[in-house]
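Derivation of every value follows stated rules applied to the coordinates shown; laboratory data play no part. Just so it is clear, the model here is predicted, and its values are computed rather than measured. Methodologically, a virtual Cβ is constructed for each residue, glycine included, from the backbone with ideal geometry; neighbour enumeration extends over all protein chains shown.
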Amino acid sequence: MLEVTSIRKTFHAGTVNARTALDGVSLTLDDGDFAVVIGGNGAGKSTLLNAIAGEVIADEGRIAVAGKDVTRLPTHRRAHLVSRVFQDPLAGSAGSMTIEENLALATRRGQSARLAFALTETRRALYREMLAPFGLGLENRLDHKVELLSGGQRQSLALAMAVVTLPRIILLDEHTAALDPKTAASVMQATVRAVEENRLTALMVTHNMQHAIDFGNRLIMMTDGRILFEARGEEKRGLTVEALVERFHLTDDKMLLS
């Protein structure tokens with residue numbers, strides 16, 4: 001499903017400010033994998049997601065999604081294959097537009113954005129069905145402006161927008177970090193449900209090591225632009241936060257332990 005092969009990315013190359021963000025990273029995700037990436041600040045986690053999404057073009061290496069080489073494609077050319085939910089709830093939706101208009105735009109991702117075509121009663125019924133499981137009443141507010149929503153409501157909408165077209169890969173970029181614990185738990189439950197019910201392949205970045213242990217079937221640790229360690233199956237299920245801290249010699253200022 002996802003093949004990342006020896007990708008490298010250096011920012012400000014050739015200057016005194018040169019920084020290697022990705023140093024020969026290789027990663028393969030099979031259909032249905034839910035991989036969680038952890039690591040300290042500057043480990044390369046977000047740059048990896050940016051490279052897969054097309055926000056950053058790798059200097060070297062190859063990225064393929066569902067067998068298609070997307071290494072040098074801009075974001076909009078791979079949008080039908082890759083969806084993303086950002087940390088900032090404001091980043092994934094347009095506040096001046098309504099809930100249904102945002103979902104309609106997401107439905108047309110990678111195509112012409114013709115809202116009149118997308119906003120049919122059939123689609124509105126689909127949107128209500130998608131939003132109802134969040135338990136936030138969004139399904140009854142399709143004509144409300146998104147700027148009126150709370151952070152948790154807006155992030156739930158962003159998640160629905162990311163999965164509406166059934167992408168081959170969904171990227172979750174610390175998407176619960178800006179939420180209060182109760183709302184974060186609700187969004188994580190909705191995330192797991194969306195991934196499982198739609199049989200999506202997911203790659204989630206988090207600073208929350210407990211989330212990394214509790215969710216997904218694979219755990220990946222990055223440091224200095226490289227993958228340091230990976231656990232899956234029984235090994236992953238047997239991990240504890242304390243064991244990870246001891247193994248990687250992480251300190252509280254690099255990782256959120258709660």
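Overview of results
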read-out	value
Index of the failed condition, V16 passing every other in (1) closer than 28 Å to M188 by Cα; (2) loosely packed, with under 15 Cβ neighbours inside 10 Å	(1)
Filter result (buried (at least 22 other Cβ atoms within 10 Å of the Cβ) and in contact with a helix residue (DSSP H, G or I) (Cβ under 6 Å, 6 or more places away or on another chain)) within the range 195-205	A202, V205
Qualifying residue in the range 141-148 (condition: out of contact with any Gly (no Cβ under 7 Å at 6 or more places or on another chain), without any contact (Cβ under 8 Å) to a residue 24 or more places away in the chain and over 24 Å from V36 (Cα atoms))	yes
Inter-residue pairs, beta-carbon under 9 Å, first more than 29 Å from R19 (Cα to Cα) and in contact (Cβ under 8 Å) with a residue 12 or more places away in the chain and in the range 221-245, second surrounded by 14 or more Cβ atoms within 10 Å (Cβ to Cβ) and of a type in the set (K, R), 6+ apart	R232/R218; G233/R218; K236/R218
Matching residues, the range 1-13, being within 15 Å of E60 (Cβ to Cβ) and free of Cβ contacts under 8 Å to residues at least 40 places away in the same chain	F11
Selected residue [surrounded by fewer than 19 Cβ atoms within 10 Å (Cβ to Cβ), of a type outside the set (V, I, T) and within 24 Å of R218 (Cα to Cα)] from A177, A132, A125, A160	A177
